[in-house]
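Report on one structure; see the data block that follows.
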Amino acid sequence: MSRAGPGDVMAQQENTPTRPGDTAVSADSAAEALHGIDAARERARLTAGLTPAWYGPVAAAALIVPALVDAWAQERRGWAVFLSLLVALAALAVLVALVDVVRRSSGVRVTRPWSARLRRGGVPLLALLVAGGATYGLSQAFGADQATSKVAVFVVLGLGVWTVFIARNASIRQKLQVTG
């Protein structure tokens, strides 16, 4: 009788077919499971990046309303300037709360490194600043007063922010269809 060595046992196990209910898992099955986990992780990351439809209009209003109140307050002076400051602070609080609500509403917490956050928001932010600067320059060139120019800039910025959210959601939905 010859004794089987460790190599013979391994060869025998590799050639043993697996049956349903058997605990042996093939390398292909493990690779498929890992691929499924990676796909689910990617879908969760993308889903976490979606913003609710109401977020854009509220963010736009939080940018536009303080500019309107400030323009109104400049004509009245006194207590109206203080009210304008309160409205601006309230709008800032609304924007901070919106960011927190969106993060929590997705149900998935994905923290990105600062470099990824800057890459994601850098181009839209730069485009918005250029659009705001161009709006201010054009309104001044056409003879608008300071208050009107400020309101025009913040309207452009507010609508631009809304547009960025719409475009980002469309891009994410398209990627979800591809991965889905």
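Which condition from (1) part of a helix (DSSP H, G or I); (2) at pLDDT below 80 is the one that ALA40 breaks?
(2)
Which of the residues belonging to the stretch 109-135 are modelled with pLDDT of 75 or more and open to solvent by less than 90 Å² (accessible area, probe 1.4 Å)?
Answer for the stretch 109-135, where residues must be modelled with pLDDT of 75 or more and open to solvent by less than 90 Å² (accessible area, probe 1.4 Å): SER115, GLY121, GLY122, PRO124, ALA127, LEU128, ALA131, GLY132, GLY133, ALA134, THR135.
Considering only residues that are open to solvent by 70 Å² or more (accessible area, probe 1.4 Å) and not in a helix (DSSP H, G or I), look in the stretch 54-98 and name the one that is farthest from ASN169 (Cα to Cα).
Only one residue fits best here, namely ARG77.
In this structure, is LEU34 over 28 Å from SER171 (Cβ atoms), assigned to a helix (DSSP H, G or I) and open to solvent by 60 Å² or more (accessible area, probe 1.4 Å)?
no
Of all residues in the stretch 136-153, which are in a helix (DSSP H, G or I), under 15 Å from LEU68 (Cα atoms), open to solvent by 60 Å² or more (accessible area, probe 1.4 Å) and not hydroxyl-bearing (Ser, Thr, Tyr)?
Of everything in the stretch 136-153, those that are in a helix (DSSP H, G or I), under 15 Å from LEU68 (Cα atoms), open to solvent by 60 Å² or more (accessible area, probe 1.4 Å) and not hydroxyl-bearing (Ser, Thr, Tyr) turn out to be GLN146, LYS150.
Can you tell me which residues in the stretch 147-180 are farther than 25 Å from VAL99 by Cα and in contact (Cβ under 8 Å) with a residue 40 or more places away in the chain?
ALA147, THR148, THR179, GLY180
The values are calculated or read from the model by the stated rules, or taken from the named source; none is laboratory data. Because the structure is predicted, anything quoted here is derived from the model rather than measured. Heads up, the Cβs are rebuilt from the backbone with ideal geometry, glycines too, and the neighbour counts pull from every protein chain shown. Note: areas computed on protein heavy atoms with side chains; ligands, DNA, RNA excluded. Shrake-Rupley method; radii C 1.70, N 1.55, O 1.52, S 1.80 Å.
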